[in-house]
1. How far apart, in nm, are the 7 Å Cα→Cβ label points at Gln314 and Ser81?
2. Give me the extension gain from Ser288 to Glu253: residue separation times 0.36 nm, minus the current Cα-Cα distance, reported in nm with one decimal.
3. Which is farthest toward the positive dipole end of segment 137-224 among Ile186, Cys202, Phe219, measuring Cα position about the Cα centre, with Cβ charges +1 (Lys, Arg) and -1 (Asp, Glu)?
4. Could you compute the FRET efficiency for Val221 and Asp35, with r as their C-beta to C-beta distance and R0 at 51 Å, rounded to 0.05?
5. Within segment 170-190, whose backbone N sits under 11 Å from a point 7 Å along Cα→Cβ of Lys211?
6. If you average the alpha carbon positions of segment 10-79 and of segment 181-203, how far apart do those two centres end up, in angstrom?
7. With label points built 7 Å along Cα→Cβ from the Cα atoms of Leu149 and Ser162, find their separation and express it in nm.
8. Over segment 137-224, what is the mean sequence separation of C-alpha contacts under 8 Å (at least six apart), divided by residue count, expressed as relative contact order in percent?
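Read-outs: derived from the displayed coordinates by stated rules, not from any lab. This one's a predicted model, so the numbers in the text were calculated from it and none came from an experiment. All Cβ positions, glycine included, derive from the backbone under ideal geometry; neighbour counts span all protein chains shown.
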Amino acid sequence: MSKYERLARLLKIVTLVKANPRLTRNDLARLCEVDSVRTIQRDINSLAVAEVPIYWSGEGYEIMPGFFLPPLALSAEEAFSLVLSASVYNNGEGSFHESTIESAISKVIATLPKATRKMLEENLDKIDIESRKTADMHGLVSQLYQAVLNTKQLRINYYTFSRDSVSEREVDPYALTYRGHAWYLIAFCHMREEILMFRTNCIKTLDYTGKVFPYPTDFSVKAYMDKSWSSMRGEETEVVVKFGARLAPLIREVEWHPTQHIEDLSDGSIIYTATVAGTKEIGSWILSYGDEAEVLSPESLREEISATAESMCQRYHIGQHMPYSIHEGSSMEKALCYAAT
C-alpha cells in the first residue's frame, strides 16, 4: 500500500468520525474496506500523534468538538475586511501573535469559495494601512499576554524614566493595551497599592511568583483609560484651545478625544474643549500645530507651552545670529516665538 493510499484512509477516518460519532473500529474497518481492526487502530494512533483529538467515548470514536472550523458563509466584503484587519495587526503591533494569526488567516481562507479566495489574492495589496512593528524583546509581550490570560502574578524589575531608577515590584497583570506605538501593561502594583500602567520596554526582567490572583470583576480597560489623551494618566483637567481658520477643518474631521466639544467662531476659527487625565500629552499635541493653536485654559498649561516656546527660541537662537536664514514673520519663527513674546 502506498503512503498516499494510507493518507487517503486517514482523511476518510476523520471525515467518517466527524460526520458519524461513536463509530467503532469494526465499523471503520468495514467502511474503509480494510480486513483488520489492527490497521484501523494504527491509523487512529497516527492521528493522535498528529494531534487530531480523536478519542474513545465508551461507545465509539469521536473528535473533540470545535477542532474543525465550520464552513463560513462570509460575503466577499466580510472576508476581505476580516483578513485585512488580521494582516494589519500581524504586520504591526500584533507581531508577537504572528504564527497563530497566520494560521487563523489560512483556516479562514481555506473555507471560502474559490471566487472569494481569488478576490482576496487580487485586492489585498490594493489597500495599505500604516502599521509599525514594536520590539518584543525576548518574547516579553508574549509572556505578559499569557500572564494576563492565566491571571499569574508577576515579579518585575521596572525602569522609571522620571527617577532614572529601577525598582522591583510584584504586580497582578490585568490587561495589555497598545497606545502611542507602544504596548503597556495595566496591573495592580503591590508596592504602590494601586493600578498603574507599565510601558513594556521599560520592564527589564520578569518572573512568575508562582501565585495566581482573583481578577477584579469591576475592572474595565475602557473605564481606566477613559480620560487619557493617549497613554498617560493624571488629574482630570478641562483644556480649551483656539485653532485658526486654516487648521479648523482638519481638527473638526477627527474625534481626537471622547469628551471633545467644538465651537465654531464667526471668523472660521474654532474653540476646542476636552477633559483629559493629565495635560502632558495634549500639550505635545497642541505644540505640534505651532502658532495656529493657542491654549486658552488652564493657565498652567498656557504657561508650560509659553516656556517651551521660549526655550525653543533660545535653542534655535531666534533673533540672534543664525547659521540658517529664517525670514522675519515666517511660520517657523511664529511657531517658536508666539507664546514667548
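1. Those two pseudo-labels are separated by 5.4 nm.
2. Values: separation 35, 0.36 × 35 = 12.60 nm, distance 1.73 nm.
Gain in length upon complete extension: 10.9 nm.
3. Cys202
4. 0.25
5. Of the residues in segment 170-190, 170-172, 190 have backbone N under 11 Å from the label point off Lys211.
6. Cα centroid of segment 10-79 versus Cα centroid of segment 181-203: 46 Å apart.
7. Between Leu149 and Ser162, the label points sit 3.4 nm apart.
8. Contact order relative to length: 31 percent.
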